[in-house]
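Asker: Sharing a structure below in structure tokens format, with a few things to ask.
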Amino acid sequence: MATERTLSIIKPDAVAKNAIGEIIARFEKAGLKVVAAKMVHLSEEKAGGFYAEHKERPFFKDLVGFMTSGPVVVQVLEGEGAIAKNRDLMGATNPKEAAPGTIRADFAETIDANAVHGSDSPESAEREISYFFGNDEICPR
Ligand code: RTP
Ligand code: MG
């Protein structure tokens, strides 16, 4: 499998729980490397643009409200099959359906506040990484 990059966001609920370190440790233990990282408090415009694919969905307003409710940690993860590996580590969108031992099962309670985001395809990863990081902010290792 090829080396890939994916965008990960530790969402406001997990930051508020002081779980940043525990979540990043899971990525690192699974063989993913952090090659870019920053903490930001998203504006409505930035969060809405990020989730533009969901603009017409009934949950869009709540999603943007949640994502702007506190700071997030945005990272680029690199590794073999990084996109799928990250999604596996995260677990299902609804924490109640997430497999035991996944990040969402362990750190989240509701579908609205579900601890982490991860790119869902190579195309999304490319768009999402460039949405947050310039090339000069990514450090190959
Ligand atoms: P994410 O984009 O945040 O990594 O989550 P995901 O791929 O697992 O799920 P997605 O379908 O992209 O939805 C984005 C976020 O919107 C909220 N959502 N709420 N109430 C609902 O039915 C519903 N569906 C989605 C979730 O917070 C989800 O993470
Ligand atoms: Mg998604």
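Values quoted throughout were computed directly from the atomic coordinates according to the rules given, and no laboratory measurement underlies them. Predicted model, so just to flag it, every value in this text is computed and none were measured. Cβ atoms come from the backbone with ideal geometry, glycine included; neighbour counts cover every protein chain shown.
Asker: Of the residues that sit in region 102-141 and are outside any helix (DSSP H, G or I) and β-branched (Val, Ile, Thr), which one is farthest from ligand 1 (Cβ to nearest atom)? Quick ask: steps written out before the conclusion?
Answerer: Filtering region 102-141 down to residues outside any helix (DSSP H, G or I) leaves 102, 108-121, 133-134, 138-141.
Right, trim to β-branched (Val, Ile, Thr) and you get 102, 110-111, 116, 138.
On the way: 102: 11, 110: 8, 111: 5, 116: 7, 138: 20 Å.
Across region 102-141, the extreme among qualifying residues is 138.
Asker: Out of (1) polar (S, T, N, Q); (2) surrounded by 20 or more Cβ atoms within 10 Å (Cβ to Cβ); (3) touching a Gly at 6+ places or on another chain (Cβ under 8 Å), what's the single condition that is false for residue 3?
Answerer: Unmet condition: (2).
Asker: Need at least 2 residues that are aromatic (Phe, Trp, Tyr) per element, so show me which helices (runs of 4 or more DSSP H) inside region 7-101 make the cut, counting only ones lying wholly within it. Before the answer, list the steps.
Answerer: Working: elements: 12-16, 20-29, 44-50, 60-67, 82-90.
Ranges flagged: 60-67.
Asker: In region 83-118, which residues are of a type in the set (D, E, K, R) and in contact with a Pro (Cβ under 8 Å, 6 or more places away or on another chain)? Give the derivation first.
Answerer: Taking region 83-118 and keeping what is of a type in the set (D, E, K, R), we get 85, 87-88, 96-97, 104, 106, 109, 112.
Listed by number, the residues that qualify are 104, 109.
Asker: Check whether at least one residue in region 37-49 is within 13 Å of the chain's Cα centre (by Cα), more than 16 Å from ligand 2 (Cβ to nearest atom) and among the small types (Gly, Ala, Ser), and report yes or no.
Answerer: Yes: region 37-49 contains one or more residues that are within 13 Å of the chain's Cα centre (by Cα), more than 16 Å from ligand 2 (Cβ to nearest atom) and among the small types (Gly, Ala, Ser).
Residues are listed down the side, and each one gets a yes or a no for (1) closer than 24 Å to residue 31 by Cβ; (2) in contact (Cβ under 8 Å) with a residue 12 or more places away in the chain; (3) in contact with a strand residue (DSSP E or B) (Cβ under 7 Å, 6 or more places away or on another chain):
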| position | (1), (2), (3) |
| --- | --- |
| 46 | no, no, no |
| 49 | no, yes, no |
| 55 | no, no, no |
| 59 | no, yes, no |
| 99 | yes, no, no |
| 102 | yes, yes, no |
| 106 | yes, no, no |
| 116 | yes, yes, yes |
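Asker: Restricting to region 27-36, name every residue that is buried (at least 19 other Cβ atoms within 10 Å of the Cβ) and either without any contact (Cβ under 8 Å) to a residue 12 or more places away in the chain or out of contact with any Asp or Glu (no Cβ under 8 Å at 6 or more places or on another chain) (or both).
Answerer: Answer for region 27-36, where residues must be buried (at least 19 other Cβ atoms within 10 Å of the Cβ) and either without any contact (Cβ under 8 Å) to a residue 12 or more places away in the chain or out of contact with any Asp or Glu (no Cβ under 8 Å at 6 or more places or on another chain) (or both): just 27.
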